[in-house]
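One structure is given below, encoded as structure tokens.
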């Protein structure tokens, strides 16, 4: 794409810093609002061109967030010093514009959707509700899955029970929905540093809360296809 250019980001940031007790206690607060335009995306094009998509500047997204940092020197002597810090942050992104309203991508065996009005890179797929214990149970449900050639195959014992969202008794891509969000509710870290004369020890612990994870390792060691070693969990399959 000869017209491809850099993305444009407009940022607004408001910050405040506080220091008390001869700077033994420090606090900082930042609130920001970023808007990205000309965002680089994969835009689908007419397949007669010989390509599935073109890379273009056709996306828009905004991100709002807040960050809080607290740091304190708990022990402060000539021989010994002990520092403790805590950082917390929260952000919210929203896709404002996408070519063809949404983009569906795949990576590591998982499918992701980026859709207007939602967070970026949501997990997209089928809602599973167990496994058919018998073929008679599957026949009673009356569901079929659509094969690549367009034909229908009824579900049988051992197949996963997928949710028929549109009620047409066929499980296909029209029954996919958002099944997870990799964006956390908040993230943070705890840092610590201890110094005694010429000896010093420091540590850092990071964490995130509220985000969904895709277990790609489990997908590889339980899929029963390919050449990877498999987990003993597959011995408990249907």
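The values are calculated or read from the model by the stated rules, or taken from the named source; none is laboratory data. The structure displayed is predicted, hence computed values, not measured ones. Note that each Cβ is placed from the backbone with ideal geometry, even for glycine, and that neighbours are counted across all protein chains shown.
Observations on the model:
- Residue in region 13-33 that is in a strand (DSSP E or B), farther than 28 Å from residue 88 by Cβ and at pLDDT 95 or above present: no
- When the residues of region 86-116 are filtered to those that are assigned to a loop (DSSP other than H, G, I, E, B) and in contact with a strand residue (DSSP E or B) (Cβ under 7 Å, 6 or more places away or on another chain), the one that is modelled with the highest pLDDT is 116.
- Qualifying residue in region 88-100 (condition: more than 26 Å from residue 177 (Cα to Cα) and over 16 Å from the mean Cα position of the chain (by Cα)): yes
- In region 222-236, the count of residues that are touching a residue at least 12 places away in the same chain (Cβ under 8 Å), within 30 Å of residue 86 (Cβ to Cβ) and assigned by TED's automatic domain parsing to the domain that holds residue 29 is zero.
- Failed condition for residue 117, given (1) in contact with a helix residue (DSSP H, G or I) (Cβ under 6 Å, 6 or more places away or on another chain); (2) in the same structural domain as residue 34 (by TED's automatic domain parsing); (3) loosely packed, with under 12 Cβ neighbours inside 10 Å: (1)
- Among the residues of region 41-64, those that are surrounded by fewer than 16 Cβ atoms within 10 Å (Cβ to Cβ), without any contact (Cβ under 8 Å) to a residue 40 or more places away in the chain and either touching a strand residue (DSSP E or B) at 6+ places or on another chain (Cβ under 7 Å) or part of a strand (DSSP E or B) (or both) comprise 45, 52, 53, 62, 64.
- Residue tally, condition surrounded by 14 or more Cβ atoms within 10 Å (Cβ to Cβ) and closer than 24 Å to residue 113 by Cβ, over region 145-162: 5
- Only one of 91, 132, 126 that is in contact (Cβ under 8 Å) with a residue 24 or more places away in the chain and closer than 30 Å to residue 45 by Cα: 126
- Selection status of residue 198, farther than 24 Å from residue 238 by Cβ and either in the same structural domain as residue 79 (by TED's automatic domain parsing) or touching a strand residue (DSSP E or B) at 6+ places or on another chain (Cβ under 8 Å) (or both): yes
- Residue match in region 124-144 (condition: under 13 Å from the mean Cα position of the chain (by Cα), modelled with pLDDT of 90 or more and either crowded, with 17+ Cβ neighbours inside 10 Å or part of a strand (DSSP E or B) (or both)): yes
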